[in-house]
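Student: Dropping the structure in here first, questions after.
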Amino acid sequence: MIEPIEHAADILSKAKSAVALTGAGISVESGIPPFRGKGGLWEKIDPMKVAHIDAFLDDPETVWKLLIKDMKTLLDTARPNPGHIGLVDLERLGILKTVITQNVDGLHQMAGNSDVIEFHGNFAWQSCLDCNQSIKTSQVDLTQMPPRCSCGGILRPDCVFFGEMIPHDALIRSQRVSAACDAMLVIGTSALVQPAATMPLIAKDNGAVIIEINPEPTPLTSRISDLPLLGGAGSIMPRLLKAIRRRRPST
Ligand code: NAD
Ligand code: ZN
């Protein structure tokens, strides 16, 4: 029987408009813990108490202290890992067109992918709740909690909290590229957060092959994924790229 990774390499080496849907798992090997799964933040805190927009607006100081401050410290030094690099290599081979990411860490852009849809916004910028001015997260003064804008208003990251809408353009473009792709790589997502988790369904309904990379099974694994590759993105992606390059010796 042909190994799943070889089979995935067969599919991808012929693909012309592949899309990746990534989640927190692809950044685990960059030192950023996911929400769910082993070692996830939710083992320690209740998502609806800290990552919901109502919780933030009720008590921004607590949400900054429990969630946002630590995220900033982690993201200040995080660097792309071989999982992110593999997606850049796939783009350079002319196979991958777009990355739809649920992550807010900016690591796909740092790695070098040119078309990244930030489905849940990003952590690079903060907005003032009062005057709406934007400030770079790297310039936020963490000595006062919650951090404030020069006008005195409280700052919030430009990420989508639970209870908030997905940015309209990100949603529409994600649906469009998912419907048009010939293969979708679903990497490091628990596929439990909607509407991001519908993208593989849209892709499959329109004829794409679904290749999933995750060390644990997800709700997609048995029903939707054509080729589940069990393992961490940082080890599977380099193996997959090696198998693809063997099939395309000139590249
Ligand atoms: P999730 O936290 O719900 O699930 C993480 C998934 O990654 C799990 O299925 C886990 O088995 C898998 N995983 C763990 N290690 C992996 C590895 N080495 N390689 C591949 N997969 C691995 O993640 P989600 O589905 O993205 O949903 C959580 C939400 O939290 C997202 O919307 C995102 O905005 C946010 N979030 C983002 C970051 C980030 O930006 N890095 C970090 C935490 C949470
Ligand atoms: Zn302000």
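Student: Can you name every residue in the range 25-53 that is at pLDDT 95 or above and surrounded by 20 or more Cβ atoms within 10 Å (Cβ to Cβ)?
Tutor: Hits for the range 25-53 are Gly25, Ile26, Ser27, Val28, Ser30.
Student: Quick check, is Gln194 surrounded by 13 or more Cβ atoms within 10 Å (Cβ to Cβ) and not charged (D, E, K, R)?
Tutor: No; evaluated as a whole, the condition is false for this residue.
Student: Just one of (1) part of a helix (DSSP H, G or I); (2) crowded, with 20+ Cβ neighbours inside 10 Å trips up Ala170, so point out which.
Tutor: (2)
Student: Being at pLDDT 95 or above, surrounded by fewer than 22 Cβ atoms within 10 Å (Cβ to Cβ) and part of a strand (DSSP E or B) is true for just one of Pro228, Pro219. Which residue is that?
Tutor: Pro228
Student: Quick test for you: out of Ile26, Ile85, pick the one residue that is closer than 15 Å to Leu185 by Cα, out of contact with any Pro (no Cβ under 9 Å at 6 or more places or on another chain) and within 16 Å of ligand 1 (Cβ to nearest atom). Working first, answer last.
Tutor: Numbers: Ile85 fails: out of contact with any Pro (no Cβ under 9 Å at 6 or more places or on another chain).
Going through Ile26, Ile85 in turn, the sole match is Ile26.
Student: If I go through the range 133-165 residue by residue, how many of them are part of a loop (DSSP other than H, G, I, E, B) and either loosely packed, with under 12 Cβ neighbours inside 10 Å or at positive phi (or both)?
Tutor: Count: 8.
Student: Could you check the range 19-112 for helices (runs of 4 or more DSSP H) lying wholly inside it with 1 or more residues that are closer than 22 Å to Ala8 by Cβ?
Tutor: Numbers: elements: 47-50, 53-58, 60-63, 69-77, 82-92, 107-111.
By residue number, 82-92, 107-111.
Student: Let me ask something additional. Give the range 149-174 a look and list any residue that's in contact with a helix residue (DSSP H, G or I) (Cβ under 9 Å, 6 or more places away or on another chain), within 15 Å of ligand 2 (Cβ to nearest atom) and hydrophobic (A, V, I, L, M, F, W, C), or say none.
Tutor: Listed by number, the residues that qualify are Ile154, Leu155.
The values are calculated or read from the model by the stated rules, or taken from the named source; none is laboratory data. Remember, it's a predicted structure, so these values are computed and weren't measured experimentally. Note that each Cβ is placed from the backbone with ideal geometry, even for glycine, and that neighbours are counted across all protein chains shown.
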